[in-house]
Each structure stands twice: as structure tokens, then as C-alpha cells.
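Rule-based calculations on the coordinates, nothing more; no lab input. Note that the coordinates shown come from a computational prediction; the quantities given were computed from them, not determined experimentally. As a convention, Cβ positions derive from the backbone with ideal geometry for all residues, glycine included, and neighbour counts pool all protein chains shown.
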Amino acid sequence: IDVLEMKLIREHAFPEGEFTLAFVGYGTESDSTVLELTHNWGQSDYDMGNAYGHIAIGVDDVYKACERIRAAGGKVVREAGPMAAGTTVIAFVEDPDGYKVELLEDKR
């Protein structure tokens, strides 16, 4: 979250269900997109493929995001550059569990 410059907006624990939801993003829930992450209590690992495929996050500068991720010890698995079938700048990084996160350059 830190290397992508996202902030923890809020979190909510559900003791009866033994999980916690964390909501992260770049602004408030009322004015930006928010990503909901689930932490299942007592679950220390997942098999690749039983959680999700990959997510994509829009960032201002994919090249700089890759630099920050690499500097923090993260793994860039597809360097920043234009996508094969277009001009949008993308990159892929891996989270600590090996899941892919696509970075998309957001030029709004």
C-alpha cells in the first residue's frame, strides 16, 4: 500500500465471521475508487489461484511506481512500457504471495 501511495481509509473487523475488511485508496470513499481487501483470521497462506487472478491499479506514472516498488524490495515482472496492442503504459508487479498487480498509467 505504501509504495503505491495508497492510504488505509478504514477497516472493520467481523469477529463472528473471523475476518477483517480493509478499505484502501487514494482519497475518500465519496470521491475516489476504493479497494476492499479481506484478511481471514487464522489463514496464513492461500494456494495460487484460489484467491484471485490479478487486479489493476491506475497510477500517475508507471515508471516511477515501478522504481518505488523495486526500491522497497518488490518484484517487477513486466517492466513499464506501452502495452503490446496500444499506447497505454503498463507494468506488472508481484505481491508477496506471487499474485500479479497490473499498473496502468492514468492520464485523465
Can you tell which of 63, 26, 46 shows the greatest fluctuation in a Gaussian network model of the chain with Cα springs below 10 Å?
46
Using only the alpha-carbon atoms, how far is helix 62-71 inclined from the longest principal axis of the chain? Give it as 0 to 90 degrees, nearest 10.
60
So what's the back-of-envelope 222 nm ellipticity for the chain, counting only DSSP H runs of four-plus at -39500 (n - 2.57) apiece and dividing by all residues, rounded to 500?
-2500 deg cm²/dmol
Cα-centred dipole magnitude for the chain, charges only on beta-carbon of K, R (+1) and D, E (-1), debye, nearest 20:
400
What is the chain's relative contact order, in percent, from Cα pairs under 8 angstrom and six or more apart in sequence?
21
Top positive-direction residue, dipole computed over the chain with Cβ charges, set 3, 69, 89
89
Taking θ = phi - 60°, what integer Hz values does the Karplus form 6.51 cos²θ - 1.76 cosθ + 1.60 yield along segment 85-98, in sequence order, with x for Gly and Pro?
9, x, 10, 4, 7, 9, 7, 10, 10, 10, 7, x, 8, x
